[in-house]
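What follows is a short report on a single structure.
Please treat every number below as a calculation from the coordinates, not as lab data. These numbers were taken from a predicted model, which means no experiment stands behind them. Neighbour counts are summed over all protein chains in view; Cβ atoms, including those assigned to glycine, are modelled from backbone coordinates with ideal geometry.
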Ligand code: PRP
Ligand code: URA
């Protein structure tokens, strides 16, 4: 497996993904689980954030101790479903800025179409975490990363909860320079480009639409 790909193996993440997949899990619980999984995965995906030593004084003595250094982070959800993951990341890095990329898959061709893009500046100096629960054909993820690069983004990470092998291969081939974090790698896509076993339509399950 490509060195830039990390598949999560933490039992808490696995457990929560199982609950997420269950068709009996309702909208409210589904939203909570997406947020919790995003936070647990974010903890892993941000383990290489640079730190620097600062001098502080404890009640006992002065010491040098690490804090996060460098330029600020940006979380960029792919609309709609990526929105469900944002608060989980903000719980870890409250100072992160939030950009948005609006893409929808054409129901017939399954090709992504852009309808919105707004990114925090200066985007080129930020660590950018793109979030979307589903990586199916990889079209939306790959196009979102293309947009961010066109706007100057350089240090890009992509985080999804469930990926199909087809989407993971496409994203890592189109963008070999980004880090990809996957909660669970599923079996395959079906004829409608849905992930099997997957969890159905992530946007509909988060927002209660159909
Ligand atoms: C879903 C999902 C991804 C995309 C994945 O969004 O949230 O963005 O499909 O599929 P792909 O890898 O084949 O591109 P969808 O287009 O259904 O829009 P929504 O979030 O507004 O429901
Ligand atoms: N988008 C989803 O929400 N689910 C899938 O299985 C594939 C694309």
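Quick notes on this one:
- Based on Cα contacts under 8 Å between residues 6+ apart, region 40-137 shows a relative contact order of 28 percent.
- Expressed as a fraction of 2.2 N^0.38 Å, the C-alpha radius of gyration for the chain is 1.05.
- Length gained when the stretch residue 15-residue 191 is fully extended (0.36 nm per residue, less Cα-Cα span): 60.6 nm
- Averaging the sequence gap over all C-alpha pairs within less than 8 Å and six or more residues apart, then dividing by the number of residues, gives region 128-201 a relative contact order of 33 percent.
- Value of [θ]222 nm, deg cm²/dmol, for the chain, DSSP H segments ≥ 4, -39500 (n - 2.57) each, nearest 500: -10000 deg cm²/dmol
- Compared with the dominant Cα axis of the chain, that is its longest principal axis, helix 27-45 is turned about 50°.
- The packing ranking, built from the mean of other Cβ atoms within 10 Å per residue, places the peptides 193-201, 21-29 in the order 193-201, 21-29, highest first.
- Virtual spin-label span in nm between residue 44 and residue 68, 7 Å along Cα→Cβ: 1.9 nm
- Measuring nothing but how far apart in sequence close Cα pairs (under 8 Å, 6+ apart) lie, relative to its length, the chain scores a relative contact order of 23 percent.
- Between the beta carbons of residue 114 and residue 166, assuming R0 = 22 Å, the FRET efficiency works out to 0.55 to the nearest 0.05.
- Its convex hull of Cα atoms gives region 121-210 a direction-averaged projected area, equal to a quarter of the hull surface, of 6.2 nm².
- Mean Cβ neighbour count within 10 Å, used as a protection proxy, ranking 148-160, 74-86, 111-123, 172-184 highest first: 74-86, 148-160, 172-184, 111-123
- Inter-part distance where region 76-102 and region 17-36 are each reduced to a Cα centre, Å: 18 Å
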